[in-house]
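Beneath this line is the structure, given in structure tokens, with notes to follow.
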Amino acid sequence: MADHLGLDPARIERLRSPERLTYFDPDKIWDVLQPEADCTLVDIGTGVGFIALPFARRYPHAHVYGCDILDGMIVLLREDAEANGLTNLEGLIMAPNAVDLPDGAADVVVMAQLHHELDAPEALLAECRRLLKPGGTVAIIDWKDEDNGKSPPAGRRVPEADLRAQLSGCGFSEIERQDIYAFHTFLTARR
């Protein structure tokens, strides 16, 4: 049964579950990326803000855009940002493969647990590249392509080699794997 936002309450509960932090702690992303305190971050596929909210709390001088194609997710993100006094976090509705921000608006673009759901990953990666300033970083964190008790079934996972090929094909360079999560592939690349 869907709630008033047209979202499945059980899905929202899973996305907000503190249990996720035991295997996917967002703070580890920032420990790797070490962004500037006043950077601009774009979180694509933000959902309930699992990445955007803790980033905005940790970096109060940063500007954070949480972007999603679902109105209901953006409503929840905005409510949580307001409830937490996070004036540096803005929720944006996006179209598939298009974020309404200017070229070069971001220092960092993050896509977490999203890539395996994309029908046209190259189009969204090209949009990520457009959003990034020269030298900016894209971070893709998605389920490992293995049977490990957490990753989705085969056929719903994206092999690391495919991720690398897609990033390279979209003009990204310095593609590096960050080995910090047990159940996720974490790749960074530069514009």
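The values are calculated or read from the model by the stated rules, or taken from the named source; none is laboratory data. What you are looking at is a predicted structure, and each value in this text was computed from that prediction instead of being measured. Note that each Cβ is placed from the backbone with ideal geometry, even for glycine, and that neighbours are counted across all protein chains shown. These area figures cover heavy atoms from the full protein model, side chains too; ligands, DNA and RNA do not enter into them. Shrake-Rupley method; radii C 1.70, N 1.55, O 1.52, S 1.80 Å.
Collect the residues in the range 8-61 that are under 12 Å from the mean Cα position of the chain (by Cα), among the aromatic types (Phe, Trp, Tyr) and part of a loop (DSSP other than H, G, I, E, B), keeping them in residue-number order.
Hit for the range 8-61 is Phe50, nothing else.
Hey, could you check the range 29-43 for residues that are surrounded by fewer than 19 Cβ atoms within 10 Å (Cβ to Cβ) and either more than 22 Å from Arg177 (Cβ to Cβ) or of a type in the set (Asp, Glu) (or both) and say which is modelled with the lowest pLDDT?
Asp31
Quick check on this structure: which one of Ala126, Ala165, Ala154 is without any contact (Cβ under 8 Å) to a residue 24 or more places away in the chain, farther than 23 Å from Asp27 by Cβ and assigned to a helix (DSSP H, G or I)?
Of the residues listed, the single one that is without any contact (Cβ under 8 Å) to a residue 24 or more places away in the chain, farther than 23 Å from Asp27 by Cβ and assigned to a helix (DSSP H, G or I) is Ala165.
Given the condition at pLDDT below 95 and either surrounded by 15 or more Cβ atoms within 10 Å (Cβ to Cβ) or over 30 Å from Pro153 (Cα atoms) (or both), answer yes or no: does some residue in the range 122-140 qualify?
No: zero hits.
Is one or more of the residues making up the range 59-73 open to solvent by 40 Å² or more (accessible area, probe 1.4 Å), under 25 Å from Val158 (Cα atoms) and touching a residue at least 12 places away in the same chain (Cβ under 8 Å)?
Yes.
Leu118 - would you say it is surrounded by fewer than 21 Cβ atoms within 10 Å (Cβ to Cβ) and within 14 Å of the chain's Cα centre (by Cα)?
yes
If you check Ala182 against the conditions, is it part of a loop (DSSP other than H, G, I, E, B), open to solvent by 50 Å² or more (accessible area, probe 1.4 Å) and either touching a Lys or Arg at 6+ places or on another chain (Cβ under 6 Å) or within 17 Å of Asp31 (Cα to Cα) (or both)?
Yes, satisfied.
Identify the residue in the range 76-103 that is over 23 Å from Glu127 (Cα atoms) and open to solvent by less than 60 Å² (accessible area, probe 1.4 Å) and, among all such residues, is farthest from the chain's Cα centre (by Cα).
Among those residues, the one meeting the criterion is Gly85.
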